[in-house]
Amino acid sequence: MRFLVIAISAVLLHGCQKTDPSQIFLQTYATQVATPYYQQLVSAADQLHSTTEQCDSNNPTDFITASQSQWQNTMSAWQKAKTVRFGPVVDERIDWEFQFWPDKKNLVAKKMQPFLKQAEPITDEQMSKSSVVLHGLSAMEYLLFDPSIVDSANPERLCESVQWIGQAIAKNAKTLDSAWALLQPDFTAPSETSDQFTSNEIAVAKVLDSYLVTLEEFANRKIGDAIGTEQAPRANPYFLESWRSQHSWQNIAANTSAVNELFTQGGFSQYLTELGFTELEQQLQSALDVMNTAADAITPPLFSTLEQQTEALRQVQQSANDLRYILQNDITEVLNLPVGFNDQDGD
């Protein structure tokens, strides 16, 4: 009888135990944010690759026009996927294969111009040894959007180039997605035997670090470098992230959307509420609302309106930094998270 009572008590005790809120958050973030981001990138990159395969050297102008929107879709998908700044994208340094930025010395054009004049066929071996400047979305942006390309580039070489780059982008997207699928079990169930995620706190800190870097990057690099400081305003549209394609604001909009999705479908707001930090969650939500309102006031394209929208952009920059301050200081303190983000280096 005593053993029966003990057994029943154990069952009841197990039934009353609550799942660790951090475990729920990690599972939610992985399945509702990270995995969909990678899958969306694979889908967009595949469509871009399919489009580039149809390049017609006899009619490159129509091909370029048809490919531009698919490049924009892929860039927007990458802007969300890159907010997951841990795991394979960092371990394999694959981020540079997707995008070479910042490019303040215009290296994409300087490297691509002589490359387009070469006569020998493009091979995988040749490209694997070439600079990452010639790979990825930044290189393809130059090929699809720079007005000098149609007039100056050899049509056959142009087609060969966009086809190889399109194939490489699609391949890298699949590599990233597959590597994340292998890592996801460790991320959602941290243990001391894991190489990266030895505790729930470390896994949560990796996520928070990613968004601290994302907020710092779009506030102070994508916006700040282009508009200058209040003390030394120097609006320079060529410092915008995707100035050739007029897609710079859409990139930032994808970043802000990803930050919002951390709190909503990513489950971070619910996570804080479950831990009893309701007031802090409301403070975060208020800061997020301010950033969203500031962002809604921006009208693209930025390249031609940067100077006129400098003050409005500065409001976006300030509100993003305010949100980052709360995450970096108040949230990490109450959660006791070992974040690695540093204001001085942005990573």
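For K171, the accessible area of its heavy atoms, probed at 1.4 Å with every protein chain present, is near 140 square angstrom.
When the helices of the chain are scored as -39500 (n - 2.57) per DSSP H run of n ≥ 4 and the total is divided over every residue, the value at 222 nm lands at -20000 deg cm²/dmol.
Would you rank V42, V90 by solvent-accessible area, highest first, keeping every protein chain in place and using a 1.4 Å probe?
Details: V42 25, V90 70 Å².
The most accessible residue leads, giving V90, V42.
Can you give the accessible area per residue of the range 123-263, in Å², using a 1.4 Å probe? Let's see the in-between values first.
On the way: 5390 Å² over 141 residues.
Result: 38 Å² per residue.
Rolling a 1.4 Å probe across all protein chains gives K174 an accessible area of roughly 90 Å². Net charge dipole, the chain: roughly 220 debye, given to the nearest 20, about the Cα centre with Cβ charges of +1 for Lys and Arg and -1 for Asp and Glu.
Say R0 is 56 Å: what FRET efficiency, to the nearest 0.05, do T61 and T175 get from their beta-carbon distance? Computed FRET efficiency for T61 and T175 comes out at 0.95. The Stokes-Einstein estimate for the range 162-319, based on a Kirkwood radius over Cα pairs and taken at 4 °C with 1.567 mPa s viscosity, is a diffusion coefficient of 72 µm²/s. Among the GluC sites (Glu not before Pro) within the range 117-195, those in coil by DSSP and having at most 16 neighbouring Cβ atoms inside 10 Å are E192. Summary value for the chain: 23 percent relative contact order, contacts being C-alpha pairs under 8 angstrom separated by 6+ residues.
Taking Cα extents along the principal axes in Å straight from the coordinates, which label in (1) 62, 45, 43; (2) 99, 46, 23; (3) 89, 49, 31 is the correct one? This structure yields the entry labelled (3). Ranking V90, W71, T52 by how far each Cα lies toward the positive end of the dipole of the range 40-144 (charges on Cβ) leaves V90 at the top. For the chain, complete DSSP H runs whose alpha carbons reach 15 Å or more along their own long axis and whose mean Kyte-Doolittle score is 1.6 or higher are 2-16. Note on the range 84-187: the C-alpha convex hull projects to 7.1 nm² when averaged across all orientations. If R0 is 35 Å, the Cβ-Cβ spacing of S257 and N106 corresponds to a FRET efficiency of close to 0.75.
Pick out, in residue order, every one of the GluC sites (Glu not before Pro) in the range 215-321 that is DSSP loop and has at most 15 other C-beta atoms within 10 Å; say none if there are none.
Working: sites: E216, E217, E230, E241, E261, E274, E279, E281, E307, E311; in loops: E230, E241, E307.
Answer by residue number: E230, E307.
In the Gaussian network model of the chain, springs joining C-alpha atoms below 10 Å, which of A232, A77, A170 carries the largest mean-square fluctuation? Result for the chain, Cα springs under 10 Å: A232 fluctuates most. Available extension along the chain between Q270 and D195 is 24.2 nm, counting 0.36 nm per residue and deducting the alpha carbon span. Comparing Cα centroids, the range 67-142 and the range 202-271 end up 20 angstrom apart.
Report, in debye and to the nearest 20, how large the dipole of the range 66-147 comes out about its Cα centre when Lys and Arg carry +1 and Asp and Glu carry -1 on their Cβ. Before the final figure, lay out each step's value.
Details: 10 positive and 10 negative charges, 71 e Å.
Charge dipole, the range 66-147, about its Cα centre: 340 debye, nearest 20.
At the residue level, V89 shows approximately 10 square angstrom of accessible surface with a 1.4 angstrom probe and all protein chains present.
Between the listed residues L275, G228, A203, the Cα displaced farthest toward the positive end of the dipole of the range 121-276, a dipole computed from Cβ unit charges relative to the Cα centre, is found at G228. For the chain, lysine pairs with C-alpha atoms less than 24 angstrom apart, excluding pairs fewer than eight positions apart on the same chain, total 28.
The values are calculated or read from the model by the stated rules, or taken from the named source; none is laboratory data. Keep in mind that what you see is a predicted model, and the values were worked out from it rather than measured. Quick reminder, even Gly has a Cβ in these numbers, built from the backbone with ideal geometry, and neighbours come from all protein chains shown. Please note that ligands, DNA and RNA were not included when accessible areas were found on the heavy atoms of the full protein model with its side chains. Shrake-Rupley method; radii C 1.70, N 1.55, O 1.52, S 1.80 Å.
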